[in-house]
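Step one of this worksheet: look at the structure below.
The values are calculated or read from the model by the stated rules, or taken from the named source; none is laboratory data. What you are looking at is a predicted structure, and each value in this text was computed from that prediction instead of being measured. Note: ideal-geometry Cβ built from the backbone for every residue, glycine included; neighbour counts use all protein chains shown. Areas reflect the complete protein model, heavy atoms only, side chains present, ligands, DNA and RNA absent. Shrake-Rupley method; radii C 1.70, N 1.55, O 1.52, S 1.80 Å.
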Amino acid sequence: MAEGSRSAGLAGTNLPVWGDRWRWLTAPAMADLGFALRNTLAAMLSLLIAMWMELDSPQWAPLTVWVVATASRGESLSKARWRLAGTGVGCVAGVGLIALFPQQEGLFFVGLALWIGLCCGGATFFDGYRGYGLLVASFTSAIVAAGAIEQPDSVFDIAIARGSYIVLGILCESALAVLFLPGARTAARVRLPARLRALVDRVAAGVSPSPTAFDVETESHLLSDLVATNARVEFDVLEMGGGQGHAADHARAALANLLAAMAHARGGAAQTICTRDLTAARQHISAILAPPRRDRFRFASRSPRHAVEALHNGIRATFGILAAWLVWIVTAWPAGPTFVSFVALVYGLLATREVPALASAGFYHGAALCAGVAGVCVFLIIPSVTAPECLALLLLVPMVIGGLAARSPRLVNQAFAFNMFLPVLIGPSNTGRLDEAAFLNTALAFLAAVLFVRFTFVTILPFRADSHLRRTTAWVERRLRAITRTGSRIGEHQWLMTNADSMVRAMRTSQGIPHQEVLAYMDHHLQAMVRGLWLIEQREARTPPQTPDHTP
């Protein structure tokens with residue numbers, strides 16, 4: 001009896017844990033449910049239009065919807081814009097590679113590998129969706145070129161077809177974003193100033209001479225929020241619509257003033273200096289709410305460049321594509337072109353992740369689940385489907401579940417792999433049904449490509465968190481020395497923002513490192529930010545630079 005009671009008690013203890021783990025599915029937030037429904041309907045709409053137009057590979061349209069899927073309208077607009085640009089460049093590159101090497105297979109794959117390596121490296125080097133546009137160019141060119149390997153005379157038609165699918169997916173996602181978010185513009189005009197005001201209040205509470213002063217961990221979390229807000233400024237301003245003047249410049253200037261207040265407080269500056277920084281931040285927020293007439297304010301900003309990670313990603317992608325080609329040549333695999341195009345596509349999707357090796361693990365789990373669900377559909381359900389509308393209804397439930405999972409940070413990589421490739425593996429067509437052999441070949445090529453990419457991420461120049469921390473520390477020391485050189489143009493705001501971004505990135509990628517070591521690193525980096533700010537102020541005041549006597 002006692003044993004049974006204890007078992008019941010243990011089961012009851014585990015119930016809340018289970019509930020929290022599956023809360024994204026059993027009790028989703030309205031915003032998460034709206035995201036899942038909106039993008040699922042957009043994906044199904046693009047699939048139905050592609051089938052109505054009798055396009056030969058309609059599955060690429062819903063894949064595009066999930067690739068550009070975002071939670072906000074502004075982010076969707078920015079992502080779609082760069083995806084369109086990347087699609088055009090990728091189509092031209094694919095046609096160009098086939099045209100340059102129509103009968104030299106080895107040279108063609110060397111050129112393709114170098115091009116994809118350049119795109120993946122550039123995508124890591126540049127920030128935001130400028131880098132995303134390079135990734136789109138990489139896998140679009142691979143899809144076009146790999147599809148035309150066996151029929152080079154049709155490369156132009158293939159490029160136009162692939163480009164049409166991608167444009168269709170972008171238009172459907174954008175149209176549903178407008179319909180589902182009718183008050184997005186008004187909400188964005190309130191949300192950005194409110195977010196900035198909340199940050200001002202948090203910084204003011206920390207820099208005031210009171211018991212709530214920052215410790216290292218609290219300061220680091222606040223820096224993370226400042227950097228995240230800075231990264232979203234472009235999307236928020238796009239969502240706010242026209243007539244906003246220089247809202248983005250004022251928002252970035254307000255964040256820079258908050259960083260300056262934190263650095264001044266940590267360096268022991270007078271309270272009046274911190275108050276001055278906070279007042280300047282509030283003035284910039286007021287300029288967002290009520291744009292001044294003839295406002296000509298500009299705030300130059302420059303994001304940090306991750307040169308080492310970019311070089312590693314470029315080398316890894318180049319060797320990966322060449323190795324995938326060798327696998328095809330050695331095995332004479334009939335699905336070889338599909339395998340190579342999947343490899344290039346997965347490289348593009350994972351290259352901009354902060355730790356691609358960790359992201360690839362979740363991506364593979366989602367891919368395996370996707371192959372299983374697609375197999376059930378192909379073998380048991382598709383034979384009884386008689387119309388494209390029935391197929392869309394069939395895919396509605398798994399894609400909504402996948403969309404909800406995509407809003408959970410723990411499942412985001414699994415969810416996007418599942419949603420993107422479920423229509424691709426099913427392979428809907430107007431002219432016939434997908435036979436079992438074709439499905440098995442495609443699914444095998446897909447899973448092999450994901451495993452292959454995961455293997456290269458953990459074996460070719462693998463990411464090490466401790467090495468990344470050492471490189472970041474060395475970078476900070478080099479930048480400090482550069483400030484003292486004659487002719488240095490490193491400004492106060494640029495110094496603070498790039499260091500904050502670099503430190504937050506190091507914090508997010510410090511898996512496996514003891515917490516005390518991470519705190520010690522953050523404290524050292526914060527001290528360096530204060531010293532750099534002091535040196536810049538001394539330089540601008542045209543006094544001999546010197547280290548402050550007091551550094552807490």
Can you name the residue in the range 290-302 that is surrounded by 15 or more Cβ atoms within 10 Å (Cβ to Cβ) and under 30 Å from the mean Cα position of the chain (by Cα) and is also modelled with the lowest pLDDT among such residues?
-> Ser301
Inspect the range 107-121 for any residue being open to solvent by 10 Å² or more (accessible area, probe 1.4 Å), modelled with pLDDT under 85 and over 17 Å from Val453 (Cα atoms) and give the result as yes or no.
-> no
Filter the range 336-360 for residues that are aliphatic (A, V, I, L, M) and modelled with pLDDT of 85 or more; the one that is surrounded by the most Cβ atoms within 10 Å (Cβ to Cβ) is Val343
For the range 122-142, name all the residues that are of a type outside the set (D, E, K, R), open to solvent by 20 Å² or more (accessible area, probe 1.4 Å) and in a helix (DSSP H, G or I).
-> Phe125, Gly128, Tyr129, Tyr132, Leu134
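Can you go through His312, His306 and tell me which one is in contact with a Lys or Arg (Cβ under 9 Å, 6 or more places away or on another chain) and open to solvent by 20 Å² or more (accessible area, probe 1.4 Å)? Show your work before the answer.
Working: His312 fails: in contact with a Lys or Arg (Cβ under 9 Å, 6 or more places away or on another chain).
The match here is His306.
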Candidates Leu369, Leu380, Leu326 - the one that is of a type outside the set (D, E, K, R) and touching a residue at least 12 places away in the same chain (Cβ under 8 Å) = Leu369
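Each row is one residue, and each column tells you yes or no for (1) out of contact with any Pro (no Cβ under 9 Å at 6 or more places or on another chain); (2) closer than 26 Å to Met420 by Cα; (3) not hydroxyl-bearing (Ser, Thr, Tyr); (4) not in a helix (DSSP H, G or I).
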| position | (1), (2), (3), (4) |
| --- | --- |
| Val144 | yes, yes, yes, no |
| Asp153 | no, no, yes, no |
| Arg162 | yes, yes, yes, no |
| Ile166 | yes, yes, yes, no |
| Cys172 | no, yes, yes, no |
| Ala177 | yes, yes, yes, no |
| Arg185 | yes, no, yes, no |
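Select, from Leu258, Leu222, the only residue that is at pLDDT 85 or above and either within 30 Å of Arg464 (Cβ to Cβ) or surrounded by fewer than 20 Cβ atoms within 10 Å (Cβ to Cβ) (or both). I'd like the intermediate steps shown before the answer.
Details: Leu258 fails: either within 30 Å of Arg464 (Cβ to Cβ) or surrounded by fewer than 20 Cβ atoms within 10 Å (Cβ to Cβ) (or both).
Step by step, each of Leu258, Leu222 is checked, and only Leu222 is at pLDDT 85 or above and either within 30 Å of Arg464 (Cβ to Cβ) or surrounded by fewer than 20 Cβ atoms within 10 Å (Cβ to Cβ) (or both).
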Determine whether Leu440 is in contact (Cβ under 8 Å) with a residue 12 or more places away in the chain and either more than 18 Å from Glu537 (Cα to Cα) or open to solvent by less than 20 Å² (accessible area, probe 1.4 Å) (or both).
-> no
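Residue-wise test of (1) open to solvent by 40 Å² or more (accessible area, probe 1.4 Å); (2) of a type in the set (Gly, Ala, Ser); (3) within 25 Å of Met51 (Cα to Cα).
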{"site": "Ala367", "(1), (2), (3)": "no, yes, yes"}
{"site": "Ala374", "(1), (2), (3)": "no, yes, yes"}
{"site": "Val378", "(1), (2), (3)": "no, no, yes"}
{"site": "Ile381", "(1), (2), (3)": "yes, no, yes"}
{"site": "Thr386", "(1), (2), (3)": "yes, no, yes"}
{"site": "Met399", "(1), (2), (3)": "no, no, yes"}
{"site": "Ala405", "(1), (2), (3)": "no, yes, no"}
{"site": "Asn413", "(1), (2), (3)": "no, no, no"}
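Residue-wise test of (1) polar (S, T, N, Q); (2) under 22 Å from Ser174 (Cβ atoms); (3) at pLDDT 85 or above; (4) not in a helix (DSSP H, G or I).
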position	(1), (2), (3), (4)
Gly4	no, no, no, no
Leu10	no, no, no, no
Leu15	no, no, no, no
Ile49	no, yes, yes, no
Ser57	yes, yes, no, yes
Pro62	no, yes, yes, no
Ala80	no, yes, no, no
Gly96	no, no, yes, no
Checking Val207 against (1) in contact with a Ser or Thr (Cβ under 8 Å, 6 or more places away or on another chain); (2) open to solvent by less than 20 Å² (accessible area, probe 1.4 Å); (3) at pLDDT below 80, the condition it does not meet | (1)
For Thr124, are the conditions met, namely being on the phi < 0 side of the Ramachandran plot, in contact with a His (Cβ under 8 Å, 6 or more places away or on another chain) and not acidic (Asp, Glu)?
-> yes
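If you check Ala123, Ala113, Ala93, which single one turns out to be under 15 Å from the mean Cα position of the chain (by Cα) and aliphatic (A, V, I, L, M)?
Details: Ala113 fails: under 15 Å from the mean Cα position of the chain (by Cα); Ala93 fails: under 15 Å from the mean Cα position of the chain (by Cα).
Checking each option against the conditions leaves just Ala123.
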